Amino acid sequence: MGRNEKELKSVIDLKSVVSDTSENLNICKQYCGTCPSLPFSPNPYLFCARGCSSGNVEKKGCNCPGCPIYKNYRLGSLYFCETGKAEERRD
């Protein structure tokens, strides 16, 4: 396997680090539901575990850093509603 193939495999192997649980969903609803960047109902919620929103995101601020899930999983980026699942960091 060549270097580029190994790098691609490394990216493909990334997994979501946030568990898609009912507990996390309930926590998320308190933060995503009031997000200023979502001019629509934030279903399916828990974007950091489930992936991008199908709606258009208007970046007007992100509630993620205030969410306990963000802190518990030590997430580092914003706007999971636009970028998708939080991925495992490779340090």
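The values are calculated or read from the model by the stated rules, or taken from the named source; none is laboratory data. None of the values given here were measured: they were computed from a predicted structure. For neighbour counting, all protein chains shown are included, and Cβ atoms are generated from backbone atoms with ideal geometry for every residue, glycine included.
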### Residue that is farthest from the chain's Cα centre (by Cα) [pool: residues in the stretch 18-66 that are over 12 Å from Tyr79 (Cα atoms) and touching a residue at least 40 places away in the same chain (Cβ under 8 Å)]
Ile27
### Task
State whether the residues of the stretch 29-44 include one that is modelled with pLDDT of 90 or more, exposed (fewer than 13 other Cβ atoms within 10 Å of the Cβ), not in a helix (DSSP H, G or I) and not aliphatic (A, V, I, L, M).
yes
### Query
Which residues, counting only those in the stretch 61-78, are in contact with a helix residue (DSSP H, G or I) (Cβ under 6 Å, 6 or more places away or on another chain) and either in a helix (DSSP H, G or I) or of a type in the set (A, V, I, L, M, F, W, C) (or both)?
Cys64, Cys67, Pro68, Ile69, Tyr70, Leu78
### Query
Applying the selection to the stretch 48-60, what residues are touching a Cys at 6+ places or on another chain (Cβ under 9 Å), surrounded by 11 or more Cβ atoms within 10 Å (Cβ to Cβ) and in a loop (DSSP other than H, G, I, E, B)?
Cys52, Ser53, Gly55, Val57
### Query
When you scan the stretch 61-89, how many residues do you find that are under 22 Å from Ser22 (Cβ atoms) and surrounded by 14 or more Cβ atoms within 10 Å (Cβ to Cβ)?
12
### Query
Is it fair to say Cys48 is out of contact with any Leu (no Cβ under 8 Å at 6 or more places or on another chain) and not charged (D, E, K, R)?
no
### Message
Among (1) modelled with pLDDT of 90 or more; (2) more than 16 Å from Glu87 (Cα to Cα); (3) part of a loop (DSSP other than H, G, I, E, B), there is one condition Ser19 misses while meeting the rest; what is its number?
### Response
(2)
